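Each remark here refers to the structure printed beneath this line.
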Amino acid sequence: MTETKQRPALALAVLMAATFIFVLDFFIVNVAIPATQSDLQASDGEIQLVVTGYAIALASCLIVGARLGDLIGRRRALMLGLALFTLASAVCGVAGDPAVLIAGRIVQGLGAALFSPQVLAIIGVTYAGEARVRAITLYGLVMGLAAASGQLIGGLLIHFDVFGLDWRSCYLVNLPVGAVALALAPRVVPESRGAQRDRLDIGGAVLVAAALVAVVLPLAEGRERGWPLWTWVSLAAAGPLLAGFVAWQRRLAARGGAPLLPPALFAKRAFVVGLVSTTVFYAGMASFFLVLAVYLQQGRGLDALSSGLVFTPLAVGYLAASIASEKLVPRLGKQALALGGVIRAASLGALALTVGAIGLGGDTGVLIPALVVDGIGMGLLTAPLVSTVLAGMEARDAGAATGVLSTATQVGNTLGVAVIGAVFYGALGAAGDFAGAFELAVTAIVGVSLAVAALVQLLPGVERMPAGIATGEA
């Protein structure tokens, strides 16, 4: 028995720490934007790149990062990516001009693209049975709490101005977490690789990265820039690039090669339906966090800390439901996921009605019941969706499957922010009706949540939701 297997809790702690900081970094930066722009004298376009540079680098390279883990070792890829991410966080924290900050954010995204897909792949080949169910449940819990608490953590760091670092602390907070995880990883995280030792599919890597950039870049930048012609050209090019990637993967598989994404993965209905459901779910979650933060801060005039405190009830509901889902999902199967979507839709509908009634006045405490219930809906969906996508997956396909899952999450985030953001800012208009814009955007997210509830009905009928990747040595 290896030293790692004797301390599975420490291994899981390292994996969850890595998961927490990469998700947190997606959300915490929004809190620091005003202070960052003022301190660095950055233009609106430069600040937009600070946000989107990370998202674009992360989303476009996740599949390649997952495959590299299969080839060079998942623990090694985890450590290399985490080291790159931590170093880039330090660069962001000391940046003296916008160009350095943007470059640091892009490198952060590349580091996260290398280490984040290894987390689920390592869980899949390290834990079995109920231990795997608990690990995946914890993974979903950590992801949701990192997203929901990003506003609060950023607000606390800026409010207390630790060591006079102001906005820089939102990046430098990653350093101690990354350093401890890097110190522990070689001692407690097991090494594993894919069954095949083929070279990286360079052609597939180039095609999929280009296709994802063609999708994510215009979605991330289009609204802020008024949807110029290049955004539509880029979106139009995404289709042929994706088609070329699929054709390349099939041709390589037919020749007995090692494609970046084995086509056989997409023959599994649970995998495909789970991916689509994941994309739609995250489109509704990331966009909700955006419009709620804008409504609270720009509409109601709350500072980052006060706004973050409003997010806390949502995190409480999420925590409770994530813990309960471990027992509830095996009983209800796919209907537990549908219940999560319906609960989200009902709570968001109530929230929209509440905001419609109080506008920009009244106590924000009236929002708490709906936010708690929304957190419950999110908690019933996050970890079970991960288990659904990875159900019955062979260990040799762990890297590819988790890479696609992570990509679906990031594309969903970006797509939701772009589409729901356009609805919100379009309704906001010159009149600045934040309450009306929020009400309309949240109503649209109600539709997204109901779409998730409908999509999961396409999952294979099972009495018990699966635990994730199949056991087996990689």
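The values are calculated or read from the model by the stated rules, or taken from the named source; none is laboratory data. The shown structure was predicted, so the numbers you read here are calculated from the model rather than taken from an experiment. Cβ atoms come from the backbone with ideal geometry, glycine included; neighbour counts cover every protein chain shown.
One table, with the values for the structure above:
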item: Test for V456: is it assigned to a helix (DSSP H, G or I), modelled with pLDDT of 95 or more and buried (at least 19 other Cβ atoms within 10 Å of the Cβ); result: no
item: Criterion: without any contact (Cβ under 8 Å) to a residue 40 or more places away in the chain, more than 30 Å from A35 (Cβ to Cβ) and assigned to a helix (DSSP H, G or I) - qualifying residue of A346, A320, A338; result: A346
item: Exclusive hit being in contact with a Ser or Thr (Cβ under 7 Å, 6 or more places away or on another chain), assigned to a helix (DSSP H, G or I) and assigned by TED's automatic domain parsing to the domain that holds G124, set G412, G403; result: G412
item: Long-range neighbours under 6 Å by Cβ, at least six apart or interchain, first residue of a type in the set (S, T, N, Q) within segment 111-139, second surrounded by fewer than 24 Cβ atoms within 10 Å (Cβ to Cβ) and assigned to a loop (DSSP other than H, G, I, E, B); result: T126/P190
item: Where L71 falls short, out of the listed (1) closer than 25 Å to E191 by Cα; (2) crowded, with 24+ Cβ neighbours inside 10 Å; (3) modelled with pLDDT under 95; result: (2)
item: Candidates D25, D44, filtered to the one that is out of contact with any Cys (no Cβ under 7 Å at 6 or more places or on another chain), of a type in the set (D, E, K, R), within 17 Å of F289 (Cα to Cα) and in contact (Cβ under 8 Å) with a residue 24 or more places away in the chain; result: D25
item: Test for G379: is it modelled with pLDDT under 85, outside the structural domain of A205 (by TED's automatic domain parsing) and of a type outside the set (A, V, I, L, M, F, W, C); result: no
item: Test: residue in segment 87-108 that is part of a helix (DSSP H, G or I) and under 22 Å from A398 (Cβ atoms); result: no
item: A286 vs. criteria part of a helix (DSSP H, G or I), buried (at least 22 other Cβ atoms within 10 Å of the Cβ) and within 20 Å of the chain's Cα centre (by Cα); result: yes
item: Residue satisfying condition, being under 30 Å from E394 (Cα atoms), among the aliphatic types (A, V, I, L, M), in the same structural domain as N30 (by TED's automatic domain parsing) and more than 22 Å from the chain's Cα centre (by Cα), within set A264, A338; result: A264
item: Looking only at segment 139-197, and only at residues there that are surrounded by fewer than 17 Cβ atoms within 10 Å (Cβ to Cβ) and β-branched (V, I, T), the one that is farthest from F115 (Cα to Cα); result: V162
item: Check on V213, outside the structural domain of S60 (by TED's automatic domain parsing) and part of a helix (DSSP H, G or I); result: yes
item: Qualifying residues in segment 12-42 (those that are small (G, A, S) and within 23 Å of the chain's Cα centre (by Cα)) - the one nearest to S287 (Cα to Cα); result: A32
item: Single condition V329 does not satisfy, out of (1) buried (at least 22 other Cβ atoms within 10 Å of the Cβ); (2) under 20 Å from the mean Cα position of the chain (by Cα); (3) modelled with pLDDT under 95; result: (2)
